[in-house]
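Remarks on the structure that follows.
The values are calculated or read from the model by the stated rules, or taken from the named source; none is laboratory data. Because the structure is predicted, anything quoted here is derived from the model rather than measured. No Cβ is skipped: glycine too gets one built from the backbone with ideal geometry, and neighbour counts run over all protein chains shown. Remember, those area values only see protein heavy atoms, side chains included, never the ligands or the DNA or RNA. Shrake-Rupley method; radii C 1.70, N 1.55, O 1.52, S 1.80 Å.
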Amino acid sequence: MSLTRWFFKGTSQLGLLAWLSVTAATCGWAQNAQTPARVIEILADHDSRFKIQGQKQPSITVKAGELITLRITAKKAKNLNRDGSIHGFSLLRAKDRQPIPDWDFLLKPGTQEFTLAAPSEPGEYIVVCTVICSQDHEGMNMRFVVLP
């Protein structure tokens, strides 16, 4: 007699099904590996401004540690880096303008996606362009809020 047959000897099919359901749920077999990332669409526009559809003043609000995908479409401004980057996207803490690790991207023409976890520290942040894209480059920023 096999070990499996011995273990389940005398167990009804309903009991076996219940045992498998509980085991699958607790082991993660029946669960998704991760919750899908929330997609945030951003336009890094030719006029050296970040834009989000439906917002006059672009702002992103996320929960601490939330998994997000930034889908950024970059349109050429007047200048570009030697590597072909036309805009940058860097997240800084608003209170001291310190950069957030892993939140610095160079944007080339077209659409790029970046999937990452939001900062774990709640508070106010600012997104800035890190490529001198035009004479209006200094105005290319937006608010980024992390909620607890």
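In the set THR73, THR130, only one residue is surrounded by fewer than 17 Cβ atoms within 10 Å (Cβ to Cβ) and either of a type outside the set (Lys, Arg) or in contact with an Asp or Glu (Cβ under 8 Å, 6 or more places away or on another chain) (or both); that residue is THR73. Taken over the range 35-54, the residue count meeting the criterion of being within 19 Å of the chain's Cα centre (by Cα), exposed (fewer than 15 other Cβ atoms within 10 Å of the Cβ) and not hydrophobic (A, V, I, L, M, F, W, C) is 5.
Taking the condition open to solvent by 70 Å² or more (accessible area, probe 1.4 Å) and among the polar types (S, T, N, Q), does GLN135 pass? So GLN135 fits the description; yes.
Is the range 66-82 home to any residue that is farther than 22 Å from CYS133 by Cα, out of contact with any helix residue (DSSP H, G or I) (no Cβ under 7 Å at 6 or more places or on another chain), of a type in the set (A, V, I, L, M, F, W, C) and modelled with pLDDT of 55 or more? Checking the range 66-82: at least one residue is farther than 22 Å from CYS133 by Cα, out of contact with any helix residue (DSSP H, G or I) (no Cβ under 7 Å at 6 or more places or on another chain), of a type in the set (A, V, I, L, M, F, W, C) and modelled with pLDDT of 55 or more.
Within the range 118-132, residues that are within 14 Å of GLN98 (Cβ to Cβ) reach partners that are open to solvent by 30 Å² or more (accessible area, probe 1.4 Å) and in a loop (DSSP other than H, G, I, E, B) with beta carbons closer than 6 Å, at six or more positions or on different chains, in the pairs GLU124/ALA94; TYR125/ALA94; ILE126/ALA94. When ILE86, ILE68, ILE60 are screened for being closer than 21 Å to THR35 by Cα and surrounded by 19 or more Cβ atoms within 10 Å (Cβ to Cβ), only ILE60 passes. When the range 138-148 is filtered for residues that are open to solvent by less than 10 Å² (accessible area, probe 1.4 Å) and outside any loop (DSSP other than H, G, I, E, B), the ones remaining, listed by number, are MET142, PHE144, VAL146.
The C-beta contact set for the range 65-84 (first residue in a loop (DSSP other than H, G, I, E, B), second residue of a type in the set (Val, Ile, Thr) and at pLDDT 95 or above, distance under 9 angstrom, 6+ apart or interchain) comprises GLY65/VAL146; GLU66/VAL146.
Open to solvent by 60 Å² or more (accessible area, probe 1.4 Å), more than 14 Å from PHE144 (Cα to Cα) and of a type in the set (Ser, Thr, Tyr): does that describe THR111? Yes; evaluated as a whole, the condition is true for this residue.
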